[in-house]
Amino acid sequence: MTNSILYIPRESSAVSLGADAVAEAIRKEASSRKLDIKIVRNGSRGMFSHEPMVEVATSGGRIAYGPVAARDVASLFDSNFLDGREHRLRLGVAEEIPWLKSQTRLTFARAGVTDPISLDDFIAHGGYRGLKRAIELGADAVIAEVTESGLRGRGGAGFPTGIKWKTAADALATPKYVVCNADEGDSGTFSDRMIMEGDPFELIEGMTIAAFAVGATQGYIYLRSEYPHARRALIEAIATAYSNGYLGANVVGSGKAFDLEIRLGAGAYICGEETAMLESIEGRRGMVRFKPPIPALEALFGKPTLINNVVSFATVPIIIERGAKFFRDFGAGNSRGTIPFQLAGNAKRPGLIETPMGVTLREIVYDYGGGTASGRPLRAVQVGGPLGAYFTESMLDVALDFESVAARGGILVFDDTVDMARMARYAMEFCAIESCGKCTPCRIGSIRGTELIDDIINRRRPRENLEVLRDLCDTMKFGSLCALGGLTPLPVLSALKYFPEDFGLAASDVDFIGDDLTISISGASSTHAIA
Ligand SMILES: Cc1cc2nc3c(=O)[nH]c(=O)nc-3n(C[C@H](O)[C@H](O)[C@H](O)COP(=O)(O)O)c2cc1C
Ligand code: SF4
């Protein structure tokens, strides 16, 4: 008889912090003590400061211990941790840990709780209820629910998901495709990965509902090659879904077919841009396509293609299961529902925080993040990945929604040792390295931009070069074909505007940069009005 069930994450961050070694040490220790245990390799709850976090199922709930190292294992057994007893690493009932309890976990409700590759566990925790209801409702009503829910794309552009689905559904050409953008190239972001590693069936369910709604029969998950753990979890989950009738010619007896395959990227940031992604899936180098035609009407192999981000698809099942109103009731303004923020960089308590949209940056950085890991004063926060704007400490009361800041959920914290001129240079350099080369403002502009920042930092005609840099940023912003070139000015100009001293400039030198860095480009948008 198995006496104790333990949960040890198989998720990449936990594994990189030693979760595999901890699992092995626990197995060995239990065996030498002749104790019968069962280890479930779950996903992570996203509280990285406590990973590897080991949970033990007890009559009083799942008791968490962390961060556990292999060397702690013997003492955990000595303290009877299998009964949830006291130990210096004991964190208490997992669900009651304030960092987790204060979140609103809708999309990430199962992540870190279930065995990600167990279909039974998925179903026992509410999985496939959304699909069941979708089949009962029919395509039109499903699209109406998604529209009514207010869900907007979580991949960065914030486009209303229901409108996209309706456009794809109304397209006449067949076959139609559903493509999941799992490229997740933004530094400091990991929500897509955590879904794929921690709850892959949820993504499969969301894509299946989408396929039924728009009339697609084939789906692809475009996954970055840097995610081997996610790939393994997806391969296992897809195979299980096939063998249990949740994918294939007649999905759960509905009479509808849906096939799903993984396509691996080769490590180019631009392949996260949806049209470059399509090129890559079709076997070509990732170059951005002109729009129109929009993908919902004509994209993959020239056919109507519904493209959504991992979190967008993974949020659909709960919307369909609980109804549009349930989801809509969370959030603020036109930014409805919850969103997983990903706190990284120099944060004391980094990790994944799912909250209703509209939470302030200060709450994320201080209440959840605990300020800087170094304990030094916080100097800057970048919101929205490498193309996001920098905020100062005094700006942290901004509400995080689609209207005020980019809703790409990556948030990076920097302490007062950061050199913001280097960060601005890095933004231009990143653009130069990752540019697909199709349009001049980005391909050439990013290289000239790097040189101009070098000139300013090295006091070579700094004021003149600053003016040229400002002009160049406008050219990139308005003249780039996609948001890689279009958004790069945002980190550059916000660094200049708020941290001129790092460039050897005075505040009066950067006055002319202006107060409004609103940018909205096809493919992604980031709107940030500078106070
Ligand atoms: C340079 C660039 C990189 C992008 N990278 C990603 C990415 O890694 N993942 C993603 O979902 N969307 C990314 N996008 C946005 C996609 O083009 C697209 O808007 C998104 O996949 C649509 O899904 P959604 O409506 O569910 O957000 C990127 C856009 C640009 C311009
Ligand atoms: S902005 Fe850059 S990445 Fe985008 S199409 Fe132009 S060259 Fe390519």
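Readers should treat all values here as calculations from the given coordinates under stated rules, not as data from a laboratory. Computed from a predicted structure; not experimentally measured. Don't worry about glycine lacking a Cβ; one is built from the backbone with ideal geometry, like all the others, and counts go over all protein chains shown.
Observations, loosely collected:
- Residue check for A389: surrounded by fewer than 18 Cβ atoms within 10 Å (Cβ to Cβ) and touching a strand residue (DSSP E or B) at 6+ places or on another chain (Cβ under 9 Å): no
- Filter result for V413 (closer than 26 Å to G351 by Cβ, of a type outside the set (K, R) and crowded, with 24+ Cβ neighbours inside 10 Å): yes
- Residue selected from the range 433-449 under the condition basic (K, R) and closer than 21 Å to M277 by Cβ, by the criterion farthest from ligand 1 (Cβ to nearest atom): R443
- Check on E451, assigned to a helix (DSSP H, G or I), within 30 Å of I339 (Cα to Cα), out of contact with any Asp or Glu (no Cβ under 7 Å at 6 or more places or on another chain) and among the acidic types (D, E): no
- Comparison of R263, R289 shows that the only residue that is out of contact with any Gly (no Cβ under 9 Å at 6 or more places or on another chain) and within 16 Å of ligand 2 (Cβ to nearest atom) is R289.
- The range 246-265, residues that are more than 19 Å from the chain's Cα centre (by Cα), outside any helix (DSSP H, G or I) and surrounded by fewer than 23 Cβ atoms within 10 Å (Cβ to Cβ): G248, A249, N250, S254, G255, K256, A257, D259, E261
- Scanning the range 148-168 for residues that are without any contact (Cβ under 8 Å) to a residue 24 or more places away in the chain and over 21 Å from the mean Cα position of the chain (by Cα) gives I163, K166.
- The single residue among I447, I433, I456 that is of a type in the set (V, I, T) and buried (at least 24 other Cβ atoms within 10 Å of the Cβ) turns out to be I456.
- The range 472-497, subset of a type in the set (A, V, I, L, M) and within 9 Å of ligand 1 (Cβ to nearest atom), residue surrounded by the fewest Cβ atoms within 10 Å (Cβ to Cβ): A483
- Remark: pairs (first residue in the range 1-27, assigned to a helix (DSSP H, G or I); second residue among the polar types (S, T, N, Q); Cβ separation under 7 Å; 6+ apart in sequence or on different chains) = S13/S44; A14/S44.
- Taking the range 119-134 as the range and being touching a residue at least 12 places away in the same chain (Cβ under 8 Å) and either assigned to a loop (DSSP other than H, G, I, E, B) or more than 15 Å from I195 (Cβ to Cβ) (or both) as the test, the residues that pass are L119, H125, G126, G127, Y128, R129, L131, K132, R133, A134.
- The set of residues in the range 287-310 that are part of a helix (DSSP H, G or I) and surrounded by fewer than 24 Cβ atoms within 10 Å (Cβ to Cβ) comprises L300, F301, G302.
- Among all residues of the range 330-338, there is none that is within 16 Å of ligand 1 (Cβ to nearest atom), touching a Cys at 6+ places or on another chain (Cβ under 7 Å) and closer than 30 Å to L137 by Cβ.
- Restricting I204, I143 to residues that are farther than 30 Å from R10 by Cα and β-branched (V, I, T) narrows the list to I143.
- Subset of the range 481-495 (residues that are of a type in the set (A, V, I, L, M), within 12 Å of ligand 2 (Cβ to nearest atom) and assigned to a helix (DSSP H, G or I)): A483, L484, L487
- Residues located in the range 496-519, provided they are closer than 23 Å to E403 by Cβ and either of a type outside the set (D, E) or in a helix (DSSP H, G or I) (or both): K497, Y498, I513, G514, L517, T518, I519
Condition check ((1) within 16 Å of ligand 2 (Cβ to nearest atom); (2) within 26 Å of D419 (Cβ to Cβ)) across all residues:
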{"residue": "P441", "(1), (2)": "yes, no"}
{"residue": "G449", "(1), (2)": "yes, yes"}
{"residue": "L452", "(1), (2)": "no, yes"}
{"residue": "L466", "(1), (2)": "no, yes"}
{"residue": "D471", "(1), (2)": "no, yes"}
{"residue": "G479", "(1), (2)": "yes, no"}
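- The set of residues from the range 1-60 being within 25 Å of P228 (Cβ to Cβ) and of a type in the set (S, T, Y) comprises Y7, S12, S13, S16, S44, S49.
- Single residue of T360, T338 found to be of a type in the set (S, T, Y) and under 22 Å from V418 (Cβ atoms): T360
- Single condition L91 does not satisfy, out of (1) assigned to a helix (DSSP H, G or I); (2) out of contact with any Asp or Glu (no Cβ under 6 Å at 6 or more places or on another chain): (1)
- Hey, G267 on the phi < 0 side of the Ramachandran plot and either in contact (Cβ under 8 Å) with a residue 40 or more places away in the chain or polar (S, T, N, Q) (or both) or not: no
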